[in-house]
Amino acid sequence: MESIWSANCKLPQHQALTSDIKADVAVIGAGMAGILCAYLLSAHGADVVVLEAERTAAGITKNTTAKITSQHSLIYDELIKAFGG
């Protein structure tokens, strides 16, 4: 069975690096977690490079439902209140 991501999302293929680059942070892996981390770091002013051996979102992310909900914050809020954060 093909995942919804494979069936509906055609992401561009990127060229391999041909020279050295400099960045504040290197994120290894362009799956959902890596891309989200890179985005948030970049939003806070870091110069970020994402390194991926294959294709963006082509590994585990491609074969998951990639469920992200706002309801998780309710659980995290309770944990922070109980244990600090």
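The values are calculated or read from the model by the stated rules, or taken from the named source; none is laboratory data. Source: prediction; values computed, not measured. Just so you know, the surface numbers come from the protein's heavy atoms only, side chains and all, with ligands and any DNA or RNA stripped out. Shrake-Rupley method; radii C 1.70, N 1.55, O 1.52, S 1.80 Å.
Computed on protein heavy atoms with a 1.4 Å probe, the accessible areas place Leu36, Leu51 in the order Leu36, Leu51, largest first.
With every protein chain in place and a 1.4 angstrom probe, the accessible-area ranking of Asp77, Asp24, largest first, reads Asp24, Asp77. Exposure check, 1.4 Å probe, all protein chains in place: Ile4 carries approximately 110 Å² of accessible surface. For the set His44, His14, solvent exposure ranked by accessible area (probe 1.4 Å, protein chains only) runs largest to smallest as His44, His14. The value of relative contact order for the stretch 1-49, using C-alpha pairs under 8 Å at least six residues apart, is 34 percent.
Between Tyr76 and Val25, full extension at 0.36 nm per residue minus the direct alpha carbon distance yields a gain of 15.7 nm.
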